[in-house]
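Report on the following structure.
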Amino acid sequence: MSKRAVVLLSGGLDSATVLAIANHQKYTCHALSFHYGQRHDGEIVCAQKVAKHLGAASHVVTTIDLSAWGGSALTADIDVPKDGCSDGIPVTYVPARNTIFLSHALGYAEAIGALNIFIGVNAVDYSGYPDCRREFIESFEKTANLATKVGVEGSRIRIHTPLIDMTKIEIIKSGLGLGVDYSMTQSCYDPQNGMPCKQCDACRIRDAAFAEIE
């Protein structure tokens, strides 16, 4: 049971790398993706391709409508910033998204007898989101073990964040070494006709990292 894992898979570069890492560590991986009211669903198609390519044991795509309350450029009629300038937490932050995603992953993990959850948060090359920090993950893991039957009965649920201290270049190199095909992934916040905008934070960080590797 301890080698079964739920892997949060968005269809982006980071989550694809995390799935490859979990596979390499010999976990039986059950991928979990969300239609959450985001402005584009292309990332779900990418997640399906990545899950199949990397041999996930299963892939669940479920729906949570975070657009019901909006509050983000990814879930409401708010322009995605394209100038690279932002004071504080950017408008692309989705309120409590990782808390919500991890809560669903926790329920899924307990239901299938998994003690491990993998998530691709990163605290180095990222946009300043509060739910990508190590202290948040540590707090959620503590909550997970207090709030679940499996936790109070003596087993320990672990939240794995293998990318949290890696640069984007290090993440890409790691993934390439594990067979990730990054052409299957999508990172753009605001794709146009299925193509990356090349101007948003996610595009600029991704493109800069690949340029350094090339």
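Only the coordinates and a few stated rules stand behind these numbers; no lab work does. Owing to the predicted nature of the structure, the values given are computational and were not obtained by experimental measurement. Neighbour counts run over all protein chains shown; Cβ positions are idealised from the backbone, glycine included.
Tabulated data for the structure shown
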{"read-out": "Dimensions (Å) - the chain, Cα atoms, principal axes, largest first", "value": "50, 39, 28"}
{"read-out": "Backbone HN-Hα couplings from phi across region 147-158 [Karplus 6.51/-1.76/1.60, Hz, Gly and Pro as x]", "value": "9, 10, 4, 5, x, 6, 8, x, 7, 10, 8, 10"}
{"read-out": "Over region 120-214 - Rg/Rh using Cα atoms and the Kirkwood inverse-distance radius", "value": "1.08"}
{"read-out": "Mean ellipticity per residue at 222 nm, deg cm²/dmol - from DSSP H runs of n ≥ 4 across the chain, formula -39500 (n - 2.57)", "value": "-11500 deg cm²/dmol"}
{"read-out": "Sequence ranges 153-166, 27-40, ranked by mean other-Cβ count within 10 angstrom, highest first", "value": "27-40, 153-166"}
{"read-out": "Nearest 10 degrees, 0 to 90: helix 168-177 Cα axis against the chain principal axis", "value": "60 degrees"}
{"read-out": "Neighbourhood net charge (12 Å Cβ-Cβ; Lys/Arg +1, Asp/Glu -1) for THR28", "value": "+3"}
{"read-out": "About the Cα centre, charge dipole magnitude for the chain (Lys/Arg +1, Asp/Glu -1 at Cβ), debye", "value": "780 debye"}
{"read-out": "Helix 201-213 axis, angle to the chain major axis (alpha carbon atoms, nearest 10°)", "value": "90 degrees"}
{"read-out": "Rounded FRET efficiency, nearest 0.05, which uses the C-beta distance separating HIS24 from ASN193 and R0 of 35 Å", "value": "0.50"}
{"read-out": "Gain on full stretching of the segment that runs from ASP41 to SER103 - 0.36 nm per residue minus C-alpha separation", "value": "20.2 nm"}
{"read-out": "Extreme residue, positive dipole direction of the chain, given options TRP69, MET166, ALA31 (C-beta unit charges)", "value": "ALA31"}
{"read-out": "Cα-based helix-to-principal-axis angle, 13-24 vs the chain, degrees rounded to 10", "value": "30 degrees"}
